[in-house]
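Asks: I have a structure here, written as structure tokens, and I will follow up with some questions on it.
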Amino acid sequence: MYDYHTHTAFSDDCDVPMEEMLLGAVKFGIKELAITDHYDPGYEDPEFPFTLDFEEYYKALRDAEKQYQGRLSIIKGMEIGIMETQFAECRRAVRDFPYDIIIGSFHCLGKDDLYRYDFSQVDGPIKLEEFYTYVNRCLKEYKDYDIAGHLTIIDRYIGKIYDYKPYMDIFEDTLKTIIYDGKGLEINTSSFKYETGIWLPRKEILKLYKELGGEILTFGSDSHDPSHFMDHFAEAHELAKDLGFKYQCTFRKRKPEFHKL
């Protein structure tokens, strides 16, 4: 019962206070919850700037950890939005406090916000190649994260399910980098909430990750309210086992711990 990607009102796109999320987790019967609120330096959206008061945030995590001791294990995390122009700011943010886990995600292609971008005006396959080349290039240089979050997130916004065969060479190189660096992937089940009908990342990417020797794997609902905790985790666990994964990971002090699926 581990949910390793969740948000609270410390994230600009979430209205639910941390206390309400934690009470919901206890009621749901979750054993361990990673709070991973957003920080996206350089994100130019006035509605969701994804800034974070690090000191206040970390204090809230520590206070919650003490308050819920014996009822709920709280993992102190952050989801950073990786941007090529913001590596130094990302590094500074994750090193300011002793977090347990850092999810590194891509919400932008350069400065283009995937959520706001009008994909109807571009060639989809070209934009996919551009995005995954960008992710590859960034992860060659930026290393201060533990789990690559929702790696195929662009599928949510691009408006069509494209064949990924043309991009598998890029993915292979990216996954080799992730594995070599001692990082991992998450299975993010928020695709069910958005009804896209595809896994995050896609099944073929998870399969390739396993074939290349990837073992570090977490499961996250990406919940922004308690009703989505552990959404479709039973199916996600079965998918992982079908692909040959034997373990799921939890994190303490940025180090993975392996638990049999």
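Every read-out reported here was derived from the displayed coordinates using simple, explicitly stated rules and does not represent laboratory data. Just so we're clear, the structure is a prediction, and the values are computed from it rather than from any experiment. Neighbour counts are summed over all protein chains in view; Cβ atoms, including those assigned to glycine, are modelled from backbone coordinates with ideal geometry.
Asks: Whole-Hz ³J(HN,Hα) for each residue in region 87-102, computed from phi via Karplus 6.51 cos²θ - 1.76 cosθ + 1.60 with θ = phi - 60°, x for glycine and proline: what do you get?
Replies: The phi angles translate into 4, 4, 5, 4, 4, 4, 4, 6, 9, 5, 9, x, 5, 8, 8, 10 Hz.
Asks: From the P(r) of the chain, can you give the percent of Cα pairs sitting at distances over 26 Å?
Replies: 36 percent
Asks: Next question, about the same structure. Between the helical axis of 168-180 and the dominant principal axis of the chain, each derived from Cα atoms, what acute angle in degrees is found, rounded to the nearest 10?
Replies: 40 degrees
Asks: For the chain, which longest stretch is free of loop sites, where a loop site is one of the GluC sites (Glu not before Pro) that DSSP puts outside H, G, I, E and B and that has at most 10 other Cβ atoms within 10 Å?
Replies: With a cap of 10 other Cβ atoms within 10 Å, the longest stretch comes to 48-194.
Asks: Between the helical axis of 233-242 and the dominant principal axis of the chain, each derived from Cα atoms, what acute angle in degrees is found, rounded to the nearest 10?
Replies: Compared with the principal axis, the helix lies near 50 degrees.
Asks: Within region 127-232, report the trypsin sites (Lys or Arg not before Pro) that DSSP leaves as loop and that have at most 12 other Cβ atoms within 10 Å.
Replies: Within region 127-232, the qualifying trypsin sites (Lys or Arg not before Pro) (loop, at most 12 other Cβ atoms within 10 Å) are 160.
Asks: Taking the alpha-carbon distance from residue 111 and a cut-off under 30 Å, which lysines remain once sequence neighbours fewer than 8 residues away in the same chain are dropped?
Replies: Leaving aside lysines fewer than 8 places away in the same chain, those within reach of residue 111 are 76, 127, 140, 143, 160, 165, 176, 183, 193, 203.
Asks: Across region 5-19, in residue order, what do the Karplus-derived ³J(HN,Hα) couplings come to in whole Hz, using 6.51 cos²θ - 1.76 cosθ + 1.60 with θ = phi - 60° and x for Gly and Pro?
Replies: 7, 9, 10, 9, 5, 5, 8, 5, 9, 10, 9, 8, x, 4, 4
Asks: Return the calculated 222 nm mean residue ellipticity for the chain, to the nearest 500 deg cm²/dmol, obtained by summing -39500 (n - 2.57) across DSSP H runs with n ≥ 4 and dividing by the residue count.
Replies: It comes out at -10500 deg cm²/dmol, rounded to the nearest 500.
Asks: How much length would be gained if the chain were fully extended between residue 163 and residue 227, taking 0.36 nm per residue of separation minus their Cα-Cα distance, in nm to one decimal?
Replies: Result for the pair: 19.8 nm of gain on full extension.
Asks: Continuing with the same structure: Could you calculate the contour length gain from residue 215 to residue 89, that is, 0.36 nm times the residue separation minus the distance between their Cα atoms, to one decimal place in nm?
Replies: Roughly 42.5 nm would be gained on extension.
Asks: Provide the percentage of antiparallel DSSP beta bridges, counting only those with both residues in region 2-260; round to the nearest 5.
Replies: Within region 2-260, antiparallel bridges account for around 25 percent of the total.
Asks: A follow-up question, please. Over the chain, what is the relative contact order in percent, taking alpha-carbon pairs closer than 8 angstrom and at least six residues apart?
Replies: Relative contact order comes out at 20 percent.
Asks: Only Cα pairs within less than 10 Å get springs; with that Gaussian network setup on the chain, which residue of 161, 153, 82 has the largest fluctuation?
Replies: 161
Asks: Out of 166, 108, 217, whose Cα points farthest toward the positive end of the dipole of the chain (charges: +1 Lys, Arg; -1 Asp, Glu; placed on Cβ)?
Replies: Final value for the positive-end residue is 217.
Asks: Rounding to the nearest 10 and keeping the result within 0 to 90°, find how far the Cα-based axis of helix 124-141 lies from the longest principal axis of the chain.
Replies: 60 degrees
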